[in-house]
Amino acid sequence: MRPSPVISAIGTGALAFGLALSLAPGALAATAPLPQGPVADDNAASMFEALERDLDLTQSEAESLLEAQEAALEIDAEATEAAGSAYGGSTFDIDTHTLTVLVTDAAAVEAVEAAGAEASVVSYGTEGLAEVVDDLNAADVPEGIVGWYPDVTSDTVVVEVLEGSGADIDALLAEAGVDASAVQVQETSETPETYADIIGGLAYTMGGRCSVGFAATNSAGQPGFVTAGHCGRVGTAVTIGNGRGTFQNSVFPGNDAAFVRGTSNFTLTNLVSRYNSGGYQSVTGTSQAAVGSAICRSGSTTGWHCGTIQARNQTVSYPQGTVYSLTRTNVCAEPGDSGGSFISGSQAQGVTSGGSGNCSVGGTTFYQEVLPMVNSWGVSIRTS
C-alpha cells in the first residue's frame with residue numbers, strides 16, 4: 001500500500017523540549033526483564049497468544065487473521081493502484097477479514113473489485129479528510145478539545161471533547177472554515193499524555209527512560225534506532241546496556257519522532273521483544289497496514305499488547321504541545337512505553353507517542369508512523 005500523503009514528511013529541525021525527564025534513582029528500576037543478546041525463536045506462536053488474549057480470539061482465529069492480513073497487503077497495493085486518483089483510503093475488518101478500498105469516484109469501483117477488494121464510494125476520502133484536518137490544525141485549539149482525527153469509515157473528522165468542558169466547537173469550525181457536516185463530535189473523559197519519564201523498553205536511559213522503537217541506520221549507514229521525539233532533543237546522550245548513542249534527529253511537538261545514532265557498541269537486529277509472551281518478533285518490512293488491522297506494541301512498562309488500528313492522521317493536543325499525523329489505536333500503554341515498537345504481523349508501523357487509559361482498564365494509544373522518518377531523514381529500518 002502506498003504511504004498516505006498526510007504522513008509522508010516530517011520536520012527535520014530540533015525543537016524546544018519541555019518535558020522534565022529527570023527521575024529519582026528508585027524510579028529507574030525496570031518492571032519487566034530486559035532482553036539480552038536477542039535470538040529469534042518461534043515468532044508466530046507468541047503473537048498468536050497475544051492476539052488471542054487482547055482480541056479475544058481462538059488460536060485458529062488468530063492464525064486466520066494474520067494470514068488474511070498478509071494477503072490483504074498485496075491486494076491493497078493492487079487495488080490502490082487500480083483506483084488511481086480516486087483512491088480514498090483502505091480499511092480492514094478483523095472479524096470478516098474484508099479489505100475495503102474507498103473511492104471518491106464510482107467509476108473506479110469495478111477496477112478495485114477486479115483487484116480482489118471490496119469497494120465503497122465516499123465523498124471526502126483520505127485526501128479530502130486530510131484537508132479538513134489541515135484546516136482545523138491551522139485554528140487555535142479551544143480549551144476542552146483534546147484532538148481530532150479522520151474516520152475514513154464514516155467519512156468524517158471526529159473532534160474529541162472533554163466531558164463537561166463546554167468546549168466551543170462552533171468557534172473552532174468557524175475559525176477553521178470547516179463545514180459542520182464534515183465533522184462529528186465525540187465526548188471523552190480522558191486527556192492524552194505523552195508516555196515518558198519512567199521506564200522504556202527495550203529500555204534506554206537519557207536522564208530518564210524511554211523505549212527503543214526499531215533498529216535502523218541513518219542515511220550514512222550508521223547504526224541506531226528510531227524512537228519518540230519527546231524522549232530527547234538533538235544532542236541528548238543515550239545509554240542502552242553497554243552501548244552509547246546520541247539523538248541525531250528529534251522533532252516534538254508538531255511530530256513525535258527521533259533517530260538515535262549509536263556511537264559505541266550498537267549491534268542491530270530486526271527483532272522486537274514480546275516480553276510477557278516470550279521471545280522476539282522479526283521485522284521484515286515497513287508496509288503500512290490498513291485501518292482496522294490488528295497491531296501489537298512492545299514496551300518494558302507493560303510488555304506486549306495488541307489491538308487494532310482505528311485511524312490515521314490524528315491531531316493530539318498534549319500539555320507539551322500539539323502533535324499532528326499520529327495513528328490512533330486501542331492498544332493499551334502506560335508511562336515508560338514511549339518510543340516503543342508498533343508492529344502489524346512482521347511489518348514495522350510506528351513508535352509509541354502517548355495516549356490515555358492504562359493496561360488494567362484499557363485505553364487509547366497513538367503512534368508516530370515510521371515511514372515519514374524513512375522518507376524525510378533517509379532512515380532505513382533493519383529488516384533482516
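The values are calculated or read from the model by the stated rules, or taken from the named source; none is laboratory data. Computed from a predicted structure; not experimentally measured. Cβ coordinates were reconstructed from backbone atoms using ideal geometry, including for glycine residues, and neighbour counts include every protein chain displayed. These area figures cover heavy atoms from the full protein model, side chains too; ligands, DNA and RNA do not enter into them. Shrake-Rupley method; radii C 1.70, N 1.55, O 1.52, S 1.80 Å.
For the reader, a short list of remarks on this structure follows.
- Listed peptides 174-184, 236-246 appear in the order 236-246, 174-184 once ranked by packing, highest mean of other Cβ atoms within 10 Å at the front.
- Taking the accessible area of region 207-251, probe 1.4 Å, and keeping the other protein chains in place, the carbon and sulfur fraction comes to 46%.
- Potential extension, Ala107-Asp170 segment - 0.36 nm per residue separation minus Cα distance: 19.1 nm
- Under the convention that each Lys and Arg Cβ holds +1 and each Asp and Glu Cβ holds -1, the size of the dipole of region 106-146 around its Cα centre is about 120 debye.
- Axial C-alpha extent at least 24 Å, average Kyte-Doolittle at least -1.0 - helices from the chain (DSSP): 59-83
- Note on the chain: Kirkwood hydrodynamic radius from all Cα pairs is 20.8 Å, rounded to one decimal.
- Spacing of the two label points (7 Å from each Cα toward its C-beta) at Ser64 and Thr191, in nm: 4.5 nm
- Region 46-85, accessible surface, carbon-and-sulfur percent (1.4 angstrom probe): 43 percent
- Calculated on alpha-carbon atoms, Rg and Dmax of region 43-160 in Å: 17.3, 49
- Point-charge dipole on Cβ atoms (K/R +1, D/E -1) for the chain, about Cα centre, debye to 20: 2200 debye
- Accessible surface comparison of Cys359, Cys231, probe 1.4 Å, protein chains only, largest first: the order is Cys359, Cys231.
- Efficiency of FRET between Glu127 and Asn276 - r from beta-carbon atoms, R0 45 angstrom, step 0.05: 0.65
- Residues Phe48, Phe92, sorted by accessible area with the largest first, give Phe48, Phe92 [1.4 Å probe; ligands and nucleic acids excluded].
- Rg to Rh, two decimals, where region 262-325 supplies the alpha carbon set and Rh follows Kirkwood: 1.04
- Over the chain, dividing the summed -39,500 (n - 2.57) contributions of all DSSP H runs of at least 4 residues by the number of residues returns a 222 nm mean residue ellipticity of -6000 deg cm²/dmol.
- Accessible solvent surface per residue of the chain, calculated while the other protein chains remain in place, 1.4 angstrom probe, Å²: 38 Å²
- Hull shadow area, averaged, region 133-259 [alpha-carbon convex hull, nm²]: 10.1 nm²
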